[in-house]
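Okay, so here's the structure we're looking at.
The numbers here are math on the coordinates, done by the rules we state, and not lab data. Keep in mind the model is a prediction, meaning the values are calculated, not measured. Cβ coordinates were reconstructed from backbone atoms using ideal geometry, including for glycine residues, and neighbour counts include every protein chain displayed.
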Amino acid sequence: MVTQKEIAEKLGISRTTVARAINGSPLIKEETKKKILELVKETNYEKNYVGSSLAGKKTKKVCALVVESKNEFYTSEIKRGINLAIKEYKAYNYKIEIKTTDINDPEKQIEELEKLLKIKDLDGIIITPLDKEKVYKIIKPYLEKLKIVSLGIRLHNDIPHVGPDHIKQGKIAAGLMDNLLRKNEKLLIVDNGDDKVSSKLYLKGFLDRINNTEIEILGPLEGNGIEKSVELIKDLFAKEKIDGLYINRYAHDILEKLPKELLVGKKIVTNGIGKIIKGLIKKKIIAMTVMEEISSEGYTAGKNMFDILYKNKIFDEKWEVSKSRIIFYENLED
């Protein structure tokens, strides 16, 4: 019987890519998936879990502590990615329970974590740690018997992690803005604080890059939330000729509330994605956004935990950085 490894060798791809295609994963290109499935059909490959040394292992139980963000797209995509891993490895008695806590309530996450640590047959935890120091202190005594993977927010140098480089993403956004604005044109930067995941780091990266340009910068000015940011921007746009706008947090809500005629002709770049941002790109109000491969992060966290529990894999590189994408009108997907 032909194996996944043999199929991979014939096509010059990895066995993991073959497995993803066979299991219906959307994380590979349709063209690649088509080639794999055609060869699978030609060679009469049959999925054979019984022969796998992994299939006979006892059930491994994992809990994923995912944050419920104001941006619903982020949370749903993380869940979607984890569920893809659940589906792909279901035959190996691999189970992941997904729990969510409010991104603005780190204490509630600590409560949930402490409950999980009391479960005797729990094998692993995937977590987006809102209070890194506290989470690591609580988890540290259990690291001998419990496997941990952090997701989105890096927990500790010793813990395998999957997530984006938010500072780099902020720098990419600033690079795009630099290409959109001319010398001495004015850019307004609005800072709406730290969401405990990305916004503080987005802003750091953006400022690191934009301060090396010849753009005139106004800010960063404190936005103090959605409504106050809307009034701040309205007031400044009325008083000064501002050519560009960058907001590190709540950008989608703020831009949605601002009068559209006020934004005509402005160069606007954001970080992140969601229904509102997609809509604003379609209306050509947002020129571009820099986003992470969110569902891929959830999937990779689930896959890495599987490799740790079933294959005893040790990650030499503790931080697996997810890819960044630049989304603009012409490459926007529904």
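The length gained on full extension between residue 72 and residue 28, counted as 0.36 nm times the residue separation minus their Cα-Cα distance, comes to 13.4 nm. Karplus-based coupling profile of the range 6-19, in residue order and whole Hz: 5, 4, 4, 5, 5, 9, x, 10, 7, 5, 4, 5, 4, 4, with θ = phi - 60° in 6.51 cos²θ - 1.76 cosθ + 1.60 and x standing for Gly or Pro. When only alpha carbons of the range 227-334 are considered, Rg and Dmax amount to 18.8, 62 Å. Per-residue Karplus couplings for the range 226-241, computed as 6.51 cos²θ - 1.76 cosθ + 1.60 with θ equal to phi - 60°, are listed in order as 5, 5, 5, 5, 4, 5, 4, 5, 4, 5, 5, 5, 6, 8, 10, 8 Hz, Gly and Pro entered as x.
Among the listed pairs 171/284; 33/171; 204/267; 234/282; 132/313, give every one whose C-alpha distance is greater than 28 Å. In this structure, 33/171 exceed 28 Å between Cα atoms. To make sure I understand the rule: partners must be lysines, Cα under 20 Å from the Cα of residue 137, and not fewer than 8 residues away in the same chain. Which ones qualify? Straight-distance partners of residue 137: 108, 115, 118, 120, 145, 147, 196, 318. Seen against the Cα atoms of the chain and their longest principal axis, helix 199-210 is set at about 60 degrees.
When you filter the GluC sites (Glu not before Pro) in the range 221-253 for DSSP loop state and at most 13 other Cβ atoms inside 10 Å of their Cβ, you are left with 240.
Evaluated at 25 °C with a viscosity of 0.890 mPa s, what Stokes-Einstein diffusion coefficient in µm²/s does the range 58-128 have when Rh comes from the Kirkwood expression over alpha-carbon pairs?
Value of D from the Cα-based Kirkwood radius: 191 µm²/s.
Relative contact order for the chain: 18 percent, from Cα pairs under 8 Å spaced at least 6 residues apart, divided by residue count.
Between residue 212 and residue 328, the C-beta separation translates, for a Förster distance of 30 Å, into a calculated FRET efficiency of about 0.80.
Suppose R0 equals 41 Å; then what is the FRET efficiency for residue 114 and residue 257 from their Cβ-Cβ distance, rounded to the nearest 0.05?
That gives a FRET efficiency of 0.55.
Computed packing ranks the peptides 204-211, 31-38 as 204-211, 31-38, most packed first, by mean other Cβ atoms within 10 Å.
According to the calculation over all Cα-Cα pairs in the chain, the P(r) per 10 Å bin from zero is 5, 23, 28, 22, 15, 6, 1, 0 %.
Over the range 123-166, what is the mean sequence separation of C-alpha contacts under 8 Å (at least six apart), divided by residue count, expressed as relative contact order in percent? With pairs under 8 Å counted, the relative contact order is 41 percent.
Among 113, 130, 146, pick out the residue whose Cα is farthest towards the positive end of the charge dipole of the range 76-151, where Lys and Arg carry +1 and Asp and Glu carry -1 on C-beta, about the Cα centre. The one lying farthest along the dipole's positive direction is 146. Counting Lys +1, Arg +1, Asp -1, Glu -1, what net charge surrounds residue 164 among other residues with beta carbon under 11 Å of its beta carbon? Its environment carries a net charge of -1. Peptides 73-79, 4-10 ranked from most to least packed, by the mean per-residue count of other Cβ atoms within 10 Å: 73-79, 4-10.
Between residue 16 and residue 107, residue separation times 0.36 nm minus the direct Cα-Cα distance comes to 29.0 nm. Specify whether the C-alpha gyration tensor of the range 167-278 places it in the rounded, prolate or oblate class, a ≥ b ≥ c being the square roots of the eigenvalues: rounded for a/c under 1.5, otherwise prolate if a/b is larger than b/c and oblate if not. Here the range 167-278 falls in the rounded category. Between residue 311 and residue 235, the FRET efficiency estimated from the beta carbon spacing at R0 = 41 angstrom works out to 0.10.
Compute the normalised compactness of the range 139-199: alpha-carbon radius of gyration over 2.2 N^0.38 Å, N being the residue count. Here the Cα radius of gyration is 1.71 times the empirical estimate.
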